[in-house]
Every structure is written in C-alpha cells, then in structure tokens.
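Engineer: Take this structure, written in structure tokens, and hold onto it; I'll ask about it next.
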Amino acid sequence: MSEQGPWADMASENATPVQQSPPGSMANSSSAANAPNDQMPGHPSFRRQRASRACETCHARKVRCDAASLGVPCTNCVAFSIECKIPTPKRKKTAGKKDTDSEQGSYVETERSPGIRSDVFPSREAAIPREFAPEKFGINTASGMPQTEASEAYAAQQQVNNGTYVQYMKPKFARAPIKEAGRVAYLGESSNLSLLVQDRHGTTDVVHYPLPENIRGARARINELDHVEIEILHQRGAFLLPPRPLCDELVDAYFQWIAPVVPVINRTKFMRRYRDSKNPPSLLLLQAILLAGSRVCNNPQLMDANGSTTPAAMTFYKRAKALYDANYEDDRVTIVQSLILMGWYWEGPEGKAYETGDFFTNARVDLGADVTKNVFYWSRVAVIVAQGSGMHRRQDSNTLEPVEGSQLSRADKRLWKRIWWTLFTRDRSVAVALGRPCCINIEDSDVEMISSDDFLDDEPDRPAEYQPDPIHVQFFLNYVKLCEIMGLVLAQQYSVASKRRLNAIDLTHSDMALADWLQNCPPEVNWKPQRHHFWSALLHSNY
C-alpha cells in the first residue's frame, strides 16, 4: 500500500511515457565544400580510416555505405566530393530529458524504464541505432541469456514443492477437512494422480483435496514478487484506491446492479472485511468490483468532459489486470470472481475508446478485437481456473453416507454453486452475443441445479447481514434456465454439425422449450407492460 494509505486519491493512469526521437534526416549536401586534397585517393598522405557505422550523408540518403569496410572517406562521398563524417554516438543521461540531437540524425541509446535495476537490464557496450531498437527487433547479446543458477531460497522451496505429491499419498488425506475454499486441488477420475489417493478398496468418491500446508496462501504472495514486479504495480497504481466515499458508492452500485447478474460474492463476508482495516479484502477483487461498479455509477467524479465513465473504468481495469498478471493473488476462488468482473471492461480494440468512426465500423472492429482483451477472453479464462479447482463437480460426497469433515463448509458450497452457474450463464450469453462456440459442456458437470437456498449467506456462528432480494433470486434462477435453452439453440441451429442435418424437429424442440420457459416464468420477473421493472425487462430481452 502507498504511504497515504489504501484510500489515497485515484492516480492518473494515462501518463504518456517518454518517447524516443526517431533518427533525423540530414539535408542534401549538394552545396557542401569539396573535400580537402589529402582526403582524395591517390594523394601521398591518403590513408582510409576504418568506421564502425555509416557516415552521415549515406545515412541521411538511406544508401549503402562502405566506410565500415573501406574506411573514410566512403565511395559515395568521394564520388560527389563531399566531406565524409561518421556520427558520434549520443547517450541519454536521464529518461525524462528530451533528445536535443534528433535533428542531427544521431544515434541514441534505448531508454530504460525508471525504477528498473541496472543489473537486470545492463547497458550495452555500444549504442544501438534507433531503427534497430529492442522494442522493434530482438537483439542477440550475451546479457540476454537467461539465468541458470537459482538462489538458495528458491532451491530450498523447490525441494519442498517436489515433495508435495507425497502429501497426497498419506493415509486419510482424501478425507482431510478443507479449511480454505480457495486452496483446493481437483483430481478427475481419469487423472493418473488420482491413483495415488485411492483407498484400500481401489476406489475413491472424492475429487476435491486440500492443498498441503507447504503451498503458501495469498498472505505470502507479496514476499514472492521481485522488486521489478512491485515497481510495475506501483507504476500502474495497483495499490491505490479512490477516496473512501467514492469507493463506498462504487461498491454499493456493484451490489445493486451487477451482483444480481453475477452473484459470485458473499456480500456479508466481503463487507465485513471491507470495513476491517486490519483484514481488508483481496486487492485484486476490490479493484475488479470498482471496475464493474464504475460502469453503473453516475458519480460526477468518475466522468470525463463528455460525461463518460470509460476513462475511470479503464483505470480500474489496468490496475486489476496488473495485479492478475503479476500473480499477486493465489486464492483460486478470488481469482475466478475477479476474472468474471474484469469482463465488464469492453471498449473496442485493445481496450481503447473510440474517438472517430461510425457505429457499424466500430461494431465490426469490436467483434474482431474481443478475443484477447475483453469479455470473451476473461470469461473463458475464468472457466479454466474454475474447472482446475473442481467447481464443475459436486462438493458433496457421492456416497450415501458423507464423511464428516471431508467437504467444504455449507457457505462455501453455496458460493461455489453460484459461481459455477454464473460461469454457465456467461458462457452461453457471450457465445450467443458474439456467435462463438460454447466452452462449458454440461455433460462434464454434476453440480446440482441452483436453488433459492443457495443465495443464503448465513454462517454457523453468525447470521447473514444482507438477506437476498427475492426478485434478484428469481431473476437469476430463470436466467440460468433460459441460458440452458440458449445452449440448446446454439447446438441445434448454429453449430457446424447442424448445417449438415437440417432437422426440422430440432427447431420445434427449441421453440417448445422457449414457450415452456415463458409459461412457467414466475410473476415477479414475468414482464408485462403494466408491471414493468428493470429485472423483468432484462430477463425478457434475453428471451
């Protein structure tokens, strides 16, 4: 955290980096004086001076120079009777100083980012021409070799990690209690590793296992980041938060308008930590919540001169993405929650807002740019992380007699179910909206259908501070059912295989499923013109 505390003012994220000046071009030296006689070939004192680079005239005219092989003067300067001069390498002394020699076509050394150690990115012995800067082409140097020697601390940690799988073979490991929902390993039945944890009968009904204690949790992540990564996070402002009143408003806006669509956070538990300065919530999750909340918050502090909140959303997005890229958080539940919310930033190609162009052109660019940066990408990554933790499998024992203490807590089970079915809805919705294939195969999951009881956040030792809104609950339950039909329609009408069969029965089946959904839609969220409200209208628009 910064010295001003976690609620420091929002830092500017759009500071323009220092740009290097491109190599200048010299004017044609047609009026230049003739070269001295002692520089002309054939003169008794003529002796060529070897050069390591092109002369100024050849460089300006962008022609081949043979000064490096034949010496000074080069053949071109001799032919045109021009003084042949080799430019002197220029080095920048500070990253923020302007290049005053750019007009003379001088070469400059590539600038280093502030705060980067010189032993990590050592300076080159010779200055590199700007047109061959590392950001344009790769440069093969001895200093570019990767390190092959690890520190003693790293080697010791690797020895501990290598013994991790031994923990899985200890007696009754499969029945060990899961104390932290974010530190769960999943071993599917087809995995070879599952053979290590089978009981004496050769079978096991458990697929979720607690991670051994030697694998540290999120509290130790800050100690594993080197100073370069920490400096990058500081540069991005990842440790900064808006003033507390604005932060409170963004959090409230999230839970009012975003959480009903993606009910992936236990509000009672989150708010308890949000108010606790000694045990704050995950910084990655908080930045993701601020990002999503900024999309529905109308506070003037978030708006630019045009009344748009896009710059503010971009700020929170960059902060959350920097934390995710640095592996700052390793609680897997928190990571999945944050990835879902990071999909709320979607402003065109490469995350840049539009300034010019018509709507249809921008729409076409959107569809081509969302693969690597936006909602399609982040929802897919969230599914991958969730499946890696086993969220697509039942958290209860498959036997008739569950083993005491071998599953997650009831509150964590409910949260996991909400997260999984949220991922299911995001998967279907994004696939329909963008014309992409679905990622989740429902046949690979045995998670029970979500119910109204799964929205309760009560804990054994304390009741929930925030009770679920019945309209929000009914909205999500029926949204899940509607997304099931979306997947059916995609498979039967829009898949590649469906183009070859053209079965009219499939179309009738989909139409009947939609009619049945509409007929059984509860009155609370069944849209009627005379009973209009936001959540019923949103659900009906999806229908």
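The values are calculated or read from the model by the stated rules, or taken from the named source; none is laboratory data. All of these numbers come straight from a predicted model, not from anything done at the bench. Here the Cβ is made from the backbone with ideal geometry for all residues, glycine too, and neighbour counts use every protein chain on show. The area values use the complete protein model at the heavy-atom level, side chains included, leaving out ligands, DNA and RNA. Shrake-Rupley method; radii C 1.70, N 1.55, O 1.52, S 1.80 Å.
Engineer: Compute the distance from the alpha-carbon center of the stretch 434-480 to that of the stretch 280-328, in whole Å.
Structural biologist: Using only Cα atoms, the two centres lie 25 Å from each other.
Engineer: Just list whichever of LYS269/LYS318; LYS278/LYS413; LYS269/LYS413; LYS278/LYS417 have alpha carbons separated by over 22 Å in the model shown.
Structural biologist: LYS269/LYS318; LYS278/LYS413; LYS278/LYS417
Engineer: Can you sort ILE289, ILE139, ILE232 by solvent-accessible area, 1.4 Å probe, largest first?
Structural biologist: Largest to smallest exposure gives the sequence ILE232, ILE139, ILE289.
Engineer: Need one word for the stretch 255-302: rounded, prolate or oblate. Basis is the Cα gyration tensor (sqrt eigenvalues a ≥ b ≥ c); a/c below 1.5 gives rounded, then a/b vs b/c decides. Kindly include the intermediate steps, with their values, before the conclusion.
Structural biologist: Details: a/c = 2.11, a/b = 1.36, b/c = 1.55.
In terms of gyration-tensor shape, oblate.
Engineer: Separate question: Would you mind putting 252-259, 62-69 in packing order, based on average other-beta-carbon counts within 10 Å, highest first? Let's see the in-between values first.
Structural biologist: Details: 252-259: 18.2, 62-69: 14.4.
Sorting 252-259, 62-69 by mean packing, highest first, produces 252-259, 62-69.
Engineer: Moving on to the next point. What ranking, highest mean first, results for peptides 519-527, 419-427, 486-494 when packing means the other Cβ atoms within 10 Å averaged over each residue?
Structural biologist: 419-427, 486-494, 519-527
Engineer: I would also like to ask the following. Give me the accessible area of THR315, 1.4 Å probe, in Å² rounded to the nearest 10.
Structural biologist: Answer for THR315: close to 10 Å² accessible.
Engineer: Could you sort LYS85, LYS321 by their accessible area in this structure, using a 1.4 Å probe and putting the largest first? Let's see the in-between values first.
Structural biologist: Details: LYS85 100, LYS321 55 Å².
If we order LYS85, LYS321 from most to least accessible, we get LYS85, LYS321.
Engineer: Provide, as a two-decimal number, the C-alpha radius of gyration of the stretch 406-527 over 2.2 N^0.38 Å, N being how many residues it has.
Structural biologist: Values: Rg = 17.1 Å, N = 122, 2.2 N^0.38 = 13.7 Å.
Working it through for the stretch 406-527, the quotient is 1.25.
Engineer: Set the Förster radius R0 to 45 Å, insert the Cβ-Cβ distance between SER541 and SER277 as r into 1/(1 + (r/R0)^6), and round the FRET efficiency to 0.05.
Structural biologist: 0.60
Engineer: Rounded to the nearest 10 Å², what accessible area does ASP325 have for a 1.4 Å probe in the complete protein model?
Structural biologist: 90 Å²
Engineer: If you don't mind, there's one more thing I want to ask. Would you work out what percent of the accessible area of the stretch 403-543, with all protein chains in place, is carbon or sulfur (probe 1.4 Å)?
Structural biologist: Of all accessible area on the stretch 403-543, carbon and sulfur atoms account for 55 percent.
Engineer: Take MET512, MET303, MET314 and sort them by solvent-accessible surface of the protein heavy atoms, 1.4 Å probe, largest at the top.
Structural biologist: MET512, MET303, MET314
Engineer: Compute the FRET efficiency between TYR377 and ARG531 as 1/(1 + (r/R0)^6), taking r as their Cβ-Cβ distance and R0 = 35 Å, and round to the nearest 0.05.
Structural biologist: Values: r = 38 Å, r/R0 = 1.09.
About 0.40, to the nearest 0.05.
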